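Below is one structure, written out as structure tokens; comments come after it.
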Amino acid sequence: MNHIVKSATFKLFHYKNIDEYSEPFAKFLNDYNFEKKLKCLKFKSPYDKILSEYKKTPSLFLGSPCGYLCGVKHISL
């Protein structure tokens, strides 16, 4: 994961301070968590996997994971 983060953000651009780095890093994390399909999750994004598990057994969760959506997709249950 560290290699992916470094190659996607840190190595592509030069940042003068940590504040300049925080915005592209946040964008990368949102894209990774909400859009990237992972082989280990059977080609679902991490958020899609959380939603599918919530639909199967909502008792495992304290609340609906839909309230924590920060990405591009907006899904309603």
Show the residue pairs that are 6+ apart or on different chains and have beta-carbon atoms under 9 Å apart, the first residue being within segment 53-66 and in a helix (DSSP H, G or I), the second being at pLDDT below 90 and polar (S, T, N, Q). Y54/S64; P58/S64; C66/S76
Filter result for S7 (more than 14 Å from the chain's Cα centre (by Cα), at pLDDT below 80, assigned to a helix (DSSP H, G or I) and surrounded by fewer than 13 Cβ atoms within 10 Å (Cβ to Cβ)): yes
Hey, can you tell me all the residues within segment 10-50 that are modelled with pLDDT of 85 or more, in a loop (DSSP other than H, G, I, E, B) and of a type in the set (A, V, I, L, M, F, W, C)? F43
Residue pairs within 9 Å by beta carbon, gap of at least six or interchain, first lying in segment 16-30 and surrounded by 11 or more Cβ atoms within 10 Å (Cβ to Cβ), second among the polar types (S, T, N, Q), listed first then second, are Y21/T9; P24/T9; F25/T9; K27/T9; F28/T9
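The values are calculated or read from the model by the stated rules, or taken from the named source; none is laboratory data. These figures come from a predicted structure and were not determined experimentally. As a convention, Cβ positions derive from the backbone with ideal geometry for all residues, glycine included, and neighbour counts pool all protein chains shown.
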